[in-house]
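The structure appears right after this line, and notes come after that.
The values are calculated or read from the model by the stated rules, or taken from the named source; none is laboratory data. Worth saying up front: this structure is predicted, and the values here are computed from it rather than measured. Ideal geometry is used to build each Cβ from the backbone, glycine not excepted, and the neighbour counts take in all protein chains shown. Side chains included, ligands, DNA and RNA excluded: accessible areas come from the protein's heavy atoms. Shrake-Rupley method; radii C 1.70, N 1.55, O 1.52, S 1.80 Å.
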Amino acid sequence: MAFKGEDHLDSLSLPVQRMHLIQVDSVQRWMEDLKLMTDCECMCILQSKPISIEKDEQNELILSSQYSTCDNLQLLLKRAWIISTELTRIAQKLEKNRWQRVHSMTVRVNCHVHSMINEYNTFTRSSSEEMHQLEKLLIDKCSEFTAFTERCLQTEDEEILKSMKSCVNETLTTVAQYFGQLIELVLTQEAQNLLRQIELSGSLYVTESAISGLFSLAQEGAHLCRIIAKEGGVVALFKICRQDIFRCLYPQALRTLASICCVEEGMHQLEKVDGILCLADILTDTSHSEATHAEAAAVIAQITSPHLTFTQHLSSFLENMEEIVTALVKLCQEASSGEVFLLASAALANITFFDTMACEILLQLNAMKILLAACSDKRIVDTPFSRDQVVTILANMSVLDQCASEIIQGNGVQLLMEMLFEKCSSGNAAEAAACERVQQKSAVTLARLSRDPEVADEAVKLSCIPRLIKLCRSPTERNNSDSVLVACLAALRRLAVMSPDGLEDSDFQQLVKPRLVDSFLLCTNMEESFV
């Protein structure tokens, strides 16, 4: 028997190969973690004994052990994650009075703290006095914590342990507090160092390296993005994007900006430096590369995301919206790859949520025709994610009365029908969610457009009604999605009004005639055998 996607392997050889892959992956993972999970007591002893060597030899040793700032920061963040996890586990064991485990884990945390500080001081160029003070406070408190838990092991008196427990808890809280402050200071200092390089260096190589470091930091989550934004990261990157000497670094700088602007602090900084105007200038400047235009589109997509709650202050966006939308439509039309189209169409989709005037601009620019034509090119619109952006734009534009004729002329009803059959082929959760959104939004668009008799007739001719019924009655067809079900019921009811002869009596009685909520409950309780 052959396995899906692995037809070249027979059933006997496949488990053997999988076992080999598991072994390789486990060994590789062990090798990665080995440095971080070394025996705690040995590490503490070794790290308390400095190796005395000549200054030049020391510099040579440090340089030979360095990979890059990004690698060292990754090591630091991984170590910090381990410490944070251990502190949480200590609190859990303490709650259960598992004193032996509490002590052993405290020793381990002590070791990791020493290792983290030593590693950081090895690769950092300079540390502030505040940093040294925090390091000392943390090390002293960890030592105190270890000694405290050791004393707890030496008594079995429940009353004494009970009184000591509150002190242990208090010490644990202080350790966690000092640790958090130190990590915050370390990351702030690294962001400052990288931004200082961007500000002061005229070298392409140094600036590129610094931007790459910032991008790596920004990938670690919203908290890091807030630190970068507060330290002036958005200002520095837009400064790069306004200098012709750094044109080759525009894509990298814009990609980093898109990451940082996922947080409110980044958005405020963007507004302060007229970032929207800069993005509009880049998008409308035909001398820039497609990669630069695509990354600028990615920033637009980020700052106009409907999931963000802090976009209202982007007043300057409305002033530049028409030229931005025009440039994005052109980028969709001329996109040389699926990735470029995805970024441009995602920006357009978000803008249609951001302001209703965008839909009117898109209609004037014949965007409907351009997007529908792109969907017929499988090289450009090649994933459910791209189709999700296109159908989002169609759904938001469908509120306009003039949209119906554009849809019919561009065979848009046929496309919407095809989107009702969207299926996830990979088993990937993100792709499955995108497929659900495509089905839902195509049904919503059909429901809105079917107020026009011509669109409704076209939908009936293309057998949209049987497909909508199938989606309603068969949970697996819609990946058990309730949102798809509601959208399909709404579209079915709209088409049934326009073409009542297209439904059998049982479908009408169960899916159209009752209240929407009753039909919804009926369909969600259906077994597959019912279909």
Quick one: Ser212 ticks every box in (1) hydroxyl-bearing (Ser, Thr, Tyr); (2) open to solvent by 50 Å² or more (accessible area, probe 1.4 Å); (3) modelled with pLDDT of 85 or more bar one, so which box is it?
-> (2)
Selection count, region 99-143, where residues are under 16 Å from Gln177 (Cβ atoms) and either open to solvent by 60 Å² or more (accessible area, probe 1.4 Å) or not in a helix (DSSP H, G or I) (or both) = 5
Looking at region 244-254, is at least one residue small (Gly, Ala, Ser), in contact with a helix residue (DSSP H, G or I) (Cβ under 6 Å, 6 or more places away or on another chain), over 21 Å from Cys278 (Cα atoms) and modelled with pLDDT of 90 or more?
-> no
Any chance region 472-483 includes a residue that's outside any helix (DSSP H, G or I) and without any contact (Cβ under 8 Å) to a residue 12 or more places away in the chain?
-> yes
Evaluate the following for Val484: is it under 22 Å from Asn366 (Cα atoms) and either open to solvent by less than 20 Å² (accessible area, probe 1.4 Å) or of a type in the set (Gly, Ala, Ser) (or both)?
-> no
What helices (runs of 4 or more DSSP H) completely inside region 400-455 contain at least 2 residues that are within 23 Å of the chain's Cα centre (by Cα)?
-> 429-449
Across region 451-507, what is the number of residues that are within 30 Å of Ala429 (Cβ to Cβ) and of a type in the set (Gly, Ala, Ser)?
-> 6
Any pair with Cβ under 6 angstrom, 6 or more apart, that starts in region 116-143 at a residue that is modelled with pLDDT under 85 and ends at one that is of a type in the set (S, T, N, Q) and assigned to a helix (DSSP H, G or I) | Phe123/Asn72
Of these, Thr188, Thr146, which one is modelled with pLDDT of 90 or more and either closer than 23 Å to Arg89 by Cβ or surrounded by fewer than 21 Cβ atoms within 10 Å (Cβ to Cβ) (or both)?
-> Thr188
